[in-house]
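> Before I ask anything, here is the structure I am working with.
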Amino acid sequence: MGHAAVDDSEEGGLGRKELRRIVGRFESLGQQRLKRIRATLTHEQRSFFDLLPLLWHINHPTMPGFVSTDTPAGVMNFRPTREQLLLARRYVRGYKEEKRPHRSYPIDGLYLMGSMGSLGQTSGSDMDFWLCHADGLDDKALDGLRRKAVLLEEHAAAIGLHAHFFLMHDGSFRAGKVDRLSKESSGHTQHTLLLEEFYRTGILLAGNPLLWWIVPPSHESEYGDYTERLIRKRFIKPDHWLDFGGLHDLPAEEFFGVAHWQLFKGIDAPYKSLLKLMLLEGYAAEYPKVDWLCMETKRAVYGGKDLDPDRIDPYQLILGRITDYLAARNEPDRLQLARRAFYFKTGQVLGQVTTPSDWRQEQMLKQCEEWGWTQAELTLLD
């Protein structure tokens with residue numbers, strides 16, 4: 001995966017071993033969340049979810065999502081596991097891994113982002129996938145990817161999953177362009193905040209790792225210069241990484257666009273939107289030097305300690321930042337409102353629960369105890 005980097009203290013870079021360790025820690029964190037996601041799926045849903053990287057790697061007429069043999073296929077750095085090959089044989093008897101390697105790999109990476117695998121995951125949570133494609137695909141090729149994405153979304157819906165695929169190109173994203181593949185997309189209104197959420201919640205399923213991972217927190221403010229130096233000195237190969245850019249200062253107008261979007265989304269998801277609006281307010285209070293939530297995740301990864309997925313749970317981070325902001329403003333009523341919105345967003349019903357049945361109940365019960373909520377209060381909320 002191109003895990004080569006400078007071992008030069010003057011450059012402030014990462015040595016080869018340290019770079020591999022950092023990438024491994026990000027991937028390990030993703031694997032912990034994937035384990036939790038898979039535990040919430042039915043057997044059929046889990047099989048489809050596990051097969052997705054292979055479905056984007058090949059075109060086969062009896063596989064889900066097949067459009068044509070001309071549809072771009074081939075994921076960078078992907079080789080199917082034994083389990084994925086066994087799953088493929090449910091659709092193609094005797095299926096074997098293709099011995100001839102792809103001449104090109106039009107798909108740079110497949111990531112899952114959003115609330116899945118976090119305390120914010122509910123039975124109705126969307127699975128938002130970023131399908132990261134290579135440069136140079138023509139309109140016909142991109143249309144083939146879109147058509148395949150629609151078919152896979154329909155297949156997912158048939159087995160009870162809310163899947164959305166976003167066709168992404170890292171260079172175009174850095175330039176401020178986001179392809180609107182799904183009706184759920186809001187990338188045109190919230191470029192920076194969308195990237196922050198992706199960096200905080202994105203889980204690598206197949207393909208290239210994120211260049212953002214190997215930029216130490218101390219170099220975040222000079223993301224462009226730092227990564228250009230790594231490339232110029234040939235410490236890394238650009239085509240082995242996905243580069244969606246650094247988290248530059250948020251343009252003031254983006255606050256208004258995001259607030260408007262969240263008010264619109266609040267019709268269908270009021271508790272989630274309320275939390276995101278409160279987080280936006282907290283960010284605005286820090287403007288123009290915003291300490292993005294994803295940086296808490298990165299600092300934890302670089303910290304060297306055992307990674308606790310609960311401590312850097314994407315939704316727990318949101319609640320923690322809102323709590324700090326409202327506590328500093330001495331607004332206990334709004335803090336109580338945020339906590340109730342968080343409780344409702346998690347979809348847990350804990351008034352009668354004494355022994356938690358899964359990690360989400362366990363974490364939410366622990367959170368309610370920290371707030372001092374009684375069983376009577378939980379019953380009333382339920």
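The values are calculated or read from the model by the stated rules, or taken from the named source; none is laboratory data. Because the structure is predicted, anything quoted here is derived from the model rather than measured. So basically every Cβ, Gly included, is an ideal-geometry build from the backbone, and we count neighbours across all protein chains shown. SASA here: full protein model, heavy atoms, side chains in, ligands and nucleic acids out. Shrake-Rupley method; radii C 1.70, N 1.55, O 1.52, S 1.80 Å.
> Taking the criterion of being modelled with pLDDT of 95 or more and under 18 Å from ALA158 (Cβ atoms), would at least one residue in the range 67-84 satisfy it?
Scanning the range 67-84 turns up at least one residue that is modelled with pLDDT of 95 or more and under 18 Å from ALA158 (Cβ atoms).
> Name the one entry in LEU350, LEU365, LEU378, LEU307 that is farther than 30 Å from HIS248 by Cβ and open to solvent by 20 Å² or more (accessible area, probe 1.4 Å). Let's see the steps before the verdict.
Working: LEU350 fails: open to solvent by 20 Å² or more (accessible area, probe 1.4 Å); LEU378 fails: open to solvent by 20 Å² or more (accessible area, probe 1.4 Å); LEU307 fails: farther than 30 Å from HIS248 by Cβ.
When all the criteria are applied, what remains is LEU365.
> Select from the range 340-382 the residues that are in contact (Cβ under 8 Å) with a residue 40 or more places away in the chain and in a loop (DSSP other than H, G, I, E, B) and write down the one among them that is nearest to LEU275 (Cα to Cα).
Per the stated criteria, the residue is GLY347.
> With respect to ILE312, is the statement that it is in a loop (DSSP other than H, G, I, E, B), touching a residue at least 40 places away in the same chain (Cβ under 8 Å) and either open to solvent by less than 10 Å² (accessible area, probe 1.4 Å) or under 26 Å from HIS248 (Cα atoms) (or both) true?
Numbers: in a loop (DSSP other than H, G, I, E, B): yes; touching a residue at least 40 places away in the same chain (Cβ under 8 Å): yes; either open to solvent by less than 10 Å² (accessible area, probe 1.4 Å) or under 26 Å from HIS248 (Cα atoms) (or both): yes.
The answer is yes for ILE312.
> Taking the range 149-196, which residues are part of a helix (DSSP H, G or I), modelled with pLDDT of 95 or more and open to solvent by 30 Å² or more (accessible area, probe 1.4 Å)?
VAL150, LEU151, GLU153, GLU154, HIS155, ALA157, ALA158, listed by residue number.
> May I ask you to say which residue of SER125, SER118, SER68 is hydroxyl-bearing (Ser, Thr, Tyr), under 30 Å from MET364 (Cα atoms) and touching a residue at least 60 places away in the same chain (Cβ under 8 Å)? If you could, list the steps in order and put the result at the bottom.
Numbers: SER125 fails: touching a residue at least 60 places away in the same chain (Cβ under 8 Å); SER68 fails: under 30 Å from MET364 (Cα atoms).
Testing whether each residue is hydroxyl-bearing (Ser, Thr, Tyr), under 30 Å from MET364 (Cα atoms) and touching a residue at least 60 places away in the same chain (Cβ under 8 Å) leaves just SER118.
> Go over the candidates ARG146, ARG103, ARG90 one by one and state the one that is touching a strand residue (DSSP E or B) at 6+ places or on another chain (Cβ under 9 Å) and open to solvent by 30 Å² or more (accessible area, probe 1.4 Å). First the steps, then the outcome.
Working: ARG103 fails: touching a strand residue (DSSP E or B) at 6+ places or on another chain (Cβ under 9 Å); ARG90 fails: touching a strand residue (DSSP E or B) at 6+ places or on another chain (Cβ under 9 Å).
Within the list ARG146, ARG103, ARG90, the selection yields ARG146.
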